[in-house]
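Engineer: Mind looking over this structure? Questions follow.
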């Protein structure tokens, strides 16, 4: 699947750098470059756009204000020279927040999250497994092999019998990729497979002999979901 991108930045140099980076990565196509956020509105109405690279401080309309005008925005990666907008950006569910000057290595980590997201949307319809990037390769992980998944800030650790795999991405992104009929988030830092929950209380679930805490925010959903399986 080709990921269609547009780049919005009032600096021509920044536009060219991002376009040049994308040409080095397979599976991405730049369908438009704009120095003004308002100019991008028409293409978003006419074409399927999967990803926007969006600067913040621009004339006429800043990037975050533009993002708020979109009813169903595609994936967005912020590209800016300013740290001060990071919290607001992530509150708008952007995929990543890149600070200029942007190295290719950091850029690659950001776009990998987007490619994962698109791959997952197709996989989870039929597949019984998921691919995760680890050790510089894509690794197939069958759902039945997963004991639980733990967040490590911008990484996730997938625990399997006797071993674990660490992949660069946020737990919230992986959560969207996993089938909700098979996995449940029990804590801001943990996702577990439902069928591997051996016992539970209002405070924790037991998986493979380990106690995983239930967060207060998730307690009602976890308990109501597991109660459906009670005899």
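The values are calculated or read from the model by the stated rules, or taken from the named source; none is laboratory data. For clarity, every value in this text was computed on a predicted model and none was experimentally measured. Positions of Cβ are backbone-derived with ideal geometry, glycine not excepted, and every protein chain shown enters the neighbour counts.
Engineer: Looking at 60, 84, 33, 45 in this structure, which one is part of a loop (DSSP other than H, G, I, E, B) and not assigned by TED's automatic domain parsing to the domain that holds residue 154?
Structural biologist: Exactly one of 60, 84, 33, 45 is part of a loop (DSSP other than H, G, I, E, B) and not assigned by TED's automatic domain parsing to the domain that holds residue 154, namely 60.
Engineer: Take residue 67 and decide whether it is more than 23 Å from residue 172 (Cβ to Cβ), assigned to a helix (DSSP H, G or I) and not assigned by TED's automatic domain parsing to the domain that holds residue 170.
Structural biologist: Values: more than 23 Å from residue 172 (Cβ to Cβ): no; assigned to a helix (DSSP H, G or I): yes; not assigned by TED's automatic domain parsing to the domain that holds residue 170: yes.
It is false that residue 67 is more than 23 Å from residue 172 (Cβ to Cβ), assigned to a helix (DSSP H, G or I) and not assigned by TED's automatic domain parsing to the domain that holds residue 170.
Engineer: Look through the range 48-57, keep the residues that are free of Cβ contacts under 8 Å to residues at least 60 places away in the same chain and part of a loop (DSSP other than H, G, I, E, B), and return whichever of them is surrounded by the fewest Cβ atoms within 10 Å (Cβ to Cβ). Outline the logic, then answer.
Structural biologist: At the first step, the residues of the range 48-57 found to be free of Cβ contacts under 8 Å to residues at least 60 places away in the same chain are 48-49, 52-57.
Filter once more, keeping what is part of a loop (DSSP other than H, G, I, E, B): 48-49, 55-57.
On the way: 48: 8, 49: 19, 55: 25, 56: 23, 57: 12.
Of everything passing the filter in the range 48-57, 48 is surrounded by the fewest Cβ atoms within 10 Å (Cβ to Cβ).
Engineer: Can you find a residue that is in contact with a strand residue (DSSP E or B) (Cβ under 9 Å, 6 or more places away or on another chain) and assigned to a strand (DSSP E or B) anywhere in the range 13-25?
Structural biologist: no
Engineer: Please go through the range 156-176 and give me each residue that is surrounded by fewer than 19 Cβ atoms within 10 Å (Cβ to Cβ) and under 12 Å from the mean Cα position of the chain (by Cα), ordered by number.
Structural biologist: Listed by number, the residues that qualify are 168, 170, 172, 173, 175, 176.
Engineer: Tell me the strands (runs of 3 or more DSSP E) entirely within the range 141-231 that contain at least 2 residues that are out of contact with any strand residue (DSSP E or B) (no Cβ under 8 Å at 6 or more places or on another chain).
Structural biologist: Counting at least 2 such residues, we get no strands (runs of 3 or more DSSP E) at all.
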